[in-house]
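Chemist: Structure in structure tokens, see below.
The values are calculated or read from the model by the stated rules, or taken from the named source; none is laboratory data. As the structure is a computational prediction, the values presented were derived from the model and not from experiment. In this analysis, Cβ positions are derived from the backbone assuming ideal geometry, glycine residues included, and neighbour counts consider all displayed protein chains.
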């Protein structure tokens, strides 16, 4: 609920809060917040004066006059104010003060009663505390003397009794003043929403060619981590980036309901894999017997995504590396040396995505192929798995040193990639290099059905494989006592993986 000074009951029909998400990442202020902030991460600022007027208890994070902020210059990613500025006599100077604390690239978001939609001062029904009649022309004129900005949004809103003007200014480093609100909107639009890791984001690229063939302008709703993977993808026209949990999970439904009205097609891929085919601990499917889960959830992830997006198969996933990244990868490959380069993806985001027999496999590769080089990749936590190889120059330890994009960009320069069903293996799905994927909670039908040149190695004699569950600990995941890892990972033997490796080498010979 967004507090509005002209509506002390806080008109719940107002949906303006859902418009704020794109512009309110990071740290910022809710000025004149009243008894409640728009979102939990906002810093609520109010002077308490309306407590006596409305008899409502207020607990802002900061108590001060909003026209004289106690924050340093350029310290806020955003400043938001709803129905406050019209109550301030010297509003132009207050606008300067608000603008002062906004960082370069940050946003000033104003929600104000528009004089065309709300009674003017002196007219019947007008708020007696209003100091000036608001319209966008007055606001823009005031902003013209402040500095460089891009006007991202300028919209009158008279639906749902909002009677308001919504304006968003983004602070520029130069003195230019640009109006994006005058840019013509695309005629045929689709939004994709997907929050996820490396593999999830590579998978969603599969539907992009089909959507483009249908003539859509594509907007992707995702997190910074997701955007990093697909940031240079030319088939994505616009990004709507929101921080993890910026919109609380309980509010995602109303947020999406509001957003999807703006598009001709809404492709919500959140939980298209998790929950749908990988049961969550609080779901009904999670408690089913193993045979029932397998019968119901053993479906291909790509098939479902294409069905939701209404685009035909086959899948066409890809990773779009820049020219600079490709050049770096070629130079890095030369620097790594050797006649054969194998990338080993150390671990994934879940407990079952660590293969305990990795060291034996690496040793056997090096004994068999003295001129081979093995580059290990992963996050900083994966560096623990590189221990013991410090004195072996043919094992190049890059966990936490290569960025995700660097690791993926290097894949086309490798001869083989090996590892559990991690994002890196997903990123290689469409590439011709040999792939050995060690399965865990997914089956080959789920994950690798459409992958090229791939050996999918399944656990032997593991009664819970494939569990088709999201695992966040060992509460529901059987643990192998000898190795300390998930039973499904321990039950993939070194000999199984070696046979797959040997098969690829014989084929290439």
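Chemist: Of all residues in segment 424-438 being buried (at least 23 other Cβ atoms within 10 Å of the Cβ) and out of contact with any strand residue (DSSP E or B) (no Cβ under 6 Å at 6 or more places or on another chain), which is nearest to residue 275 (Cα to Cα)?
Modeler: 426
Chemist: Return the residues of segment 92-115 that are within 22 Å of residue 163 (Cα to Cα) and not in a helix (DSSP H, G or I); say none if nothing qualifies.
Modeler: Result: 108, 109, 110, 111, 112, 113, 114, 115.
Chemist: Mind telling me which of the residues 187, 171, 176, 212 ends up being surrounded by fewer than 23 Cβ atoms within 10 Å (Cβ to Cβ), more than 24 Å from residue 24 (Cβ to Cβ) and at pLDDT 95 or above? Spell out the reasoning first.
Modeler: Numbers: 187 fails: at pLDDT 95 or above; 171 fails: more than 24 Å from residue 24 (Cβ to Cβ); 176 fails: more than 24 Å from residue 24 (Cβ to Cβ).
Result of the check over 187, 171, 176, 212: 212.
Chemist: Among the residues of segment 149-167, write down those that are part of a loop (DSSP other than H, G, I, E, B) and exposed (fewer than 15 other Cβ atoms within 10 Å of the Cβ).
Modeler: 158
Chemist: Can I ask one more? List the residue pairs whose Cβ atoms are under 8 Å apart, where the first residue sits in segment 492-509 and is crowded, with 19+ Cβ neighbours inside 10 Å, the second is assigned to a helix (DSSP H, G or I), and the two are 6 or more positions apart or on different chains.
Modeler: These pairs meet every condition: 497/361; 501/361; 501/365.
Chemist: Given the residues 245, 200, 181, which is the only one that is surrounded by fewer than 17 Cβ atoms within 10 Å (Cβ to Cβ) and either under 25 Å from residue 451 (Cβ atoms) or touching a residue at least 12 places away in the same chain (Cβ under 8 Å) (or both)?
Modeler: Being surrounded by fewer than 17 Cβ atoms within 10 Å (Cβ to Cβ) and either under 25 Å from residue 451 (Cβ atoms) or touching a residue at least 12 places away in the same chain (Cβ under 8 Å) (or both) holds for just one of 245, 200, 181, which is 181.
Chemist: Among the residues in segment 442-458, are any over 28 Å from the mean Cα position of the chain (by Cα) and part of a loop (DSSP other than H, G, I, E, B)?
Modeler: Yes, there is a match, as at least one residue in segment 442-458 is over 28 Å from the mean Cα position of the chain (by Cα) and part of a loop (DSSP other than H, G, I, E, B).
Chemist: Just give me the residues in segment 358-369 being within 37 Å of the chain's Cα centre (by Cα) and surrounded by fewer than 17 Cβ atoms within 10 Å (Cβ to Cβ), in sequence order.
Modeler: 359, 360
Chemist: For segment 1-87, please list each of the strands (runs of 3 or more DSSP E) lying entirely inside it that holds at least 2 residues being modelled with pLDDT under 90 and assigned by TED's automatic domain parsing to the domain that holds residue 224.
Modeler: Answer list for segment 1-87: none.
Chemist: Please work out if residue 192 is in contact (Cβ under 8 Å) with a residue 12 or more places away in the chain, part of a helix (DSSP H, G or I) and surrounded by 14 or more Cβ atoms within 10 Å (Cβ to Cβ).
Modeler: The answer is no for residue 192.
Chemist: Given (1) within 18 Å of residue 498 (Cβ to Cβ); (2) out of contact with any strand residue (DSSP E or B) (no Cβ under 6 Å at 6 or more places or on another chain); (3) surrounded by 21 or more Cβ atoms within 10 Å (Cβ to Cβ), where does residue 355 come up short, assuming only one miss?
Modeler: Condition not satisfied by residue 355: (2).
Chemist: Then there is this: Out of (1) surrounded by fewer than 18 Cβ atoms within 10 Å (Cβ to Cβ); (2) in contact with a helix residue (DSSP H, G or I) (Cβ under 7 Å, 6 or more places away or on another chain), the odd one out for residue 303 is which?
Modeler: Against the list (1) surrounded by fewer than 18 Cβ atoms within 10 Å (Cβ to Cβ); (2) in contact with a helix residue (DSSP H, G or I) (Cβ under 7 Å, 6 or more places away or on another chain), residue 303 comes up short only on (2).
Chemist: Related question: I need a count of the residues in segment 317-354 that are assigned to a helix (DSSP H, G or I) and either touching a residue at least 12 places away in the same chain (Cβ under 8 Å) or within 25 Å of the chain's Cα centre (by Cα) (or both).
Modeler: Here the count works out to 10.
Chemist: Considering only segment 381-389, I want to know if a residue exists there that is without any contact (Cβ under 8 Å) to a residue 60 or more places away in the chain and farther than 30 Å from residue 473 by Cβ.
Modeler: No: segment 381-389 contains no residue that is without any contact (Cβ under 8 Å) to a residue 60 or more places away in the chain and farther than 30 Å from residue 473 by Cβ.
Chemist: What single numbered condition from (1) at negative phi; (2) part of a loop (DSSP other than H, G, I, E, B) fails to hold for residue 252?
Modeler: Condition not satisfied by residue 252: (2).
Chemist: Scan segment 398-413 and give yes if some residue there is touching a residue at least 12 places away in the same chain (Cβ under 8 Å), over 23 Å from residue 228 (Cα atoms) and either over 23 Å from the mean Cα position of the chain (by Cα) or crowded, with 22+ Cβ neighbours inside 10 Å (or both), otherwise no.
Modeler: Within segment 398-413, none of the residues are touching a residue at least 12 places away in the same chain (Cβ under 8 Å), over 23 Å from residue 228 (Cα atoms) and either over 23 Å from the mean Cα position of the chain (by Cα) or crowded, with 22+ Cβ neighbours inside 10 Å (or both).
Chemist: If residue 496 satisfies every condition in (1) in contact with a strand residue (DSSP E or B) (Cβ under 7 Å, 6 or more places away or on another chain); (2) part of a loop (DSSP other than H, G, I, E, B); (3) more than 23 Å from residue 412 (Cα to Cα) but one, which is the exception?
Modeler: Unmet condition: (2).
Chemist: Looking at 141, 123 in this structure, which one is more than 32 Å from the chain's Cα centre (by Cα), at pLDDT 95 or above and not in a strand (DSSP E or B)?
Modeler: Within the list 141, 123, the selection yields 141.
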